[in-house]
Amino acid sequence: MHAADDDALIGAMAAGDEQAAARFVRRHQRRVFGLAVSIVGDPATAEDVAQEAFTRAWRHAGSYDARRGAATTWLLTITRNLAIDAVRVRRSDPADPAVMATLLGASALPGPAELAEAGSDRRRLVEAMSRLPSEQRRALVLAAIGGRTTEEISRSEGIPLGTAKTRIRAAMHRLRAELVPPVPDIDLSVEP
């Protein structure tokens with residue numbers, strides 16, 4: 001019954017019926033907000049996403065085609081796309097990679113109080129990062145701390161995608177070789 005009601009409400013919205021739009025919002029607001037907050041992780045941003053989703057549904061009600069899917073699916077797809085865009089916008093403005101790389105470089109070794117608090121693992125990581133070539137360290141910091149994808153790193157650094165992937169992979173291999181102790185060879189042969 002809701003599907004037919006939703007189709008009728010969207011048809012009325014396409015004709016400019018504000019009361020139909022209000023009923024449509026009341027019917028779906030919890031679901032839209034819930035999806036938005038599950039993607040963006042922030043209630044305030046989720047409210048903005050939900051509001052924009054309903055605004056787009058209002059503006060594009062005339063393009064809704066019930067044969068292509070249910071109204072709920074259409075609305076939640078709009079919401080999902082807007083929420084993903086909101087996450088990308090938040091993520092696309094990370095801290096300056098040069099500053100982040102410097103913080104992880106040799107000049108940012110922690111003092112005695114920090115070492116006592118953080119332990120030797122952090123010190124070992126900072127030292128190992130400082131020994132990486134700057135291009136590898138920068139790519140790794142952009143990916144691991146900045147949350148950038150290899151495509152984003154490729155664009156921001158002006159390097160081919162394969163080079164970005166290689167730099168990250170090489171940095172990870174070097175860190176692993178330095179930080180993960182080798183497994184000792186164990187003689188498993190049985191003597192008579």
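The values are calculated or read from the model by the stated rules, or taken from the named source; none is laboratory data. In this text, all values refer to a predicted model and were calculated from it rather than measured experimentally. A quick note on method: Cβ atoms are made from the backbone with ideal geometry, for glycine too, and the neighbour counts reach across all protein chains shown.
Residue-wise test of (1) out of contact with any Pro (no Cβ under 8 Å at 6 or more places or on another chain); (2) touching a residue at least 40 places away in the same chain (Cβ under 8 Å); (3) of a type outside the set (Gly, Ala, Ser).
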site	(1), (2), (3)
Ile39	yes, yes, yes
Glu47	yes, no, yes
Trp58	yes, yes, yes
Gly69	yes, no, no
Leu82	yes, yes, yes
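Just one of the listed residues (Thr73, Thr79) is in the same structural domain as Ala22 (by TED's automatic domain parsing), at pLDDT 85 or above and exposed (fewer than 13 other Cβ atoms within 10 Å of the Cβ), and it is Thr73.
Checking Arg68, Arg23 one by one, the residue that is of a type outside the set (Ser, Thr, Tyr) and out of contact with any helix residue (DSSP H, G or I) (no Cβ under 7 Å at 6 or more places or on another chain) is Arg68 and no other.
Filter region 150-175 down to the residues that are part of a loop (DSSP other than H, G, I, E, B) and surrounded by fewer than 15 Cβ atoms within 10 Å (Cβ to Cβ), then identify the one that is modelled with the lowest pLDDT. Among those residues, the one meeting the criterion is Gly158.
Going by what's in this entry, would Ala22 be described as part of a helix (DSSP H, G or I), at pLDDT 90 or above and of a type in the set (A, V, I, L, M)? So Ala22 fits the description; yes. Screening Gly147 on (1) farther than 26 Å from Val87 by Cα; (2) in contact with a Lys or Arg (Cβ under 7 Å, 6 or more places away or on another chain) shows it passes everything except condition (1). Within region 20-37, residues that are closer than 24 Å to Asp85 by Cα reach partners that are among the basic types (Lys, Arg) with beta carbons closer than 7 Å, at six or more positions or on different chains, in the pairs Leu35/Arg80.
Residues that are among the acidic types (Asp, Glu), surrounded by 13 or more Cβ atoms within 10 Å (Cβ to Cβ) and outside the structural domain of Thr149 (by TED's automatic domain parsing) occur in region 17-34; there is at least one.
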